[in-house]
């Protein structure tokens, strides 16, 4: 049952940069790219974490929970339930656009041979996690890097890149403002918005559509998402505007 916890050992820790690590676990999690798991650290908290492979979670250190997770070492155990949510369709060859830690769930698609081209964006080259692995799998000519400081590839933002044409779909994961602007850019270039998919992030407690904390303009991100079609969300009042706090208050994304 997906609501039962699995006690999994950390087999390997990959340090991508000073803020981002991947934890390889000793058990496969039957899942689809884009789904997530709930990770519980006894006595601390439980949080949703993206899967970057069938046996790997990738985490950015942003608060007390992730700081505690970063204290874990090879051989330690964590408790996981899931997976949850709707993921990406792995059919065909798709163009992927990832920003920062949002590259992680897209890496899972790369491993499923579902990518023909990819744009990776970050502040610096170190933010382009899995860069070498992605290049090895889909070829350097099919990977576009964008960094704000110009340390790799194009200097600028993801929107400054020429997005490779997709044979099937466009999949995005990263900051919401990035996904909004890329969605607009592709639509203006003639791409049907229903062929664009994005992964949303909201505060989650239960992951089973009961607590309401991940409410998003009438949808529950944990169960209706986290992957949504762009045409479904682009005009919603909460998209790139509002989120709910731990206590359920509706606030601006930057608050």
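The values are calculated or read from the model by the stated rules, or taken from the named source; none is laboratory data. Computed from a predicted model, the values in this text were never measured in an experiment. No Cβ is skipped: glycine too gets one built from the backbone with ideal geometry, and neighbour counts run over all protein chains shown.
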Checklist entry - Just to be sure, is residue 167 out of contact with any helix residue (DSSP H, G or I) (no Cβ under 7 Å at 6 or more places or on another chain) and at pLDDT below 95? => result yes
Checklist outcome for this item: Filtering region 203-243 down to residues that are under 17 Å from residue 48 (Cα atoms), buried (at least 20 other Cβ atoms within 10 Å of the Cβ) and in contact (Cβ under 8 Å) with a residue 40 or more places away in the chain yields 204, 207, 221, 222, 225, 226, 227, 243
Checklist entry - List, please: which pairs have Cβ atoms under 8 Å, are six or more places apart or on different chains, and start with a residue in region 154-167 that is at positive phi and end with one that is part of a loop (DSSP other than H, G, I, E, B) and surrounded by fewer than 17 Cβ atoms within 10 Å (Cβ to Cβ)? => result 156/148
Checklist entry - Can you list the strands (runs of 3 or more DSSP E) found entirely within region 210-253 that contain at least 3 residues being at pLDDT below 90 and over 16 Å from the mean Cα position of the chain (by Cα)? => result 242-244, 250-252
Item to check | Where residue 198 falls short, out of the listed (1) at pLDDT below 95; (2) under 30 Å from residue 4 (Cα atoms); (3) within 19 Å of the chain's Cα centre (by Cα); (4) not in a helix (DSSP H, G or I) | outcome: (1)
Checklist entry - Scanning for something more than 30 Å from residue 144 (Cβ to Cβ), buried (at least 22 other Cβ atoms within 10 Å of the Cβ), touching a helix residue (DSSP H, G or I) at 6+ places or on another chain (Cβ under 8 Å) and not assigned by TED's automatic domain parsing to the domain that holds residue 139, does region 20-40 turn up at least one residue? => result yes
Checklist entry - Residues in region 14-36 that are in contact with a strand residue (DSSP E or B) (Cβ under 6 Å, 6 or more places away or on another chain) and not in a loop (DSSP other than H, G, I, E, B): how many? => result 9
Checklist outcome for this item: Conditions (1) in contact with a helix residue (DSSP H, G or I) (Cβ under 6 Å, 6 or more places away or on another chain); (2) outside the structural domain of residue 168 (by TED's automatic domain parsing) -> residue 248 fails only (1)
Checklist outcome for this item: Subset of region 59-84, residues over 13 Å from residue 10 (Cβ atoms) and touching a helix residue (DSSP H, G or I) at 6+ places or on another chain (Cβ under 7 Å), comes to 60, 61, 84
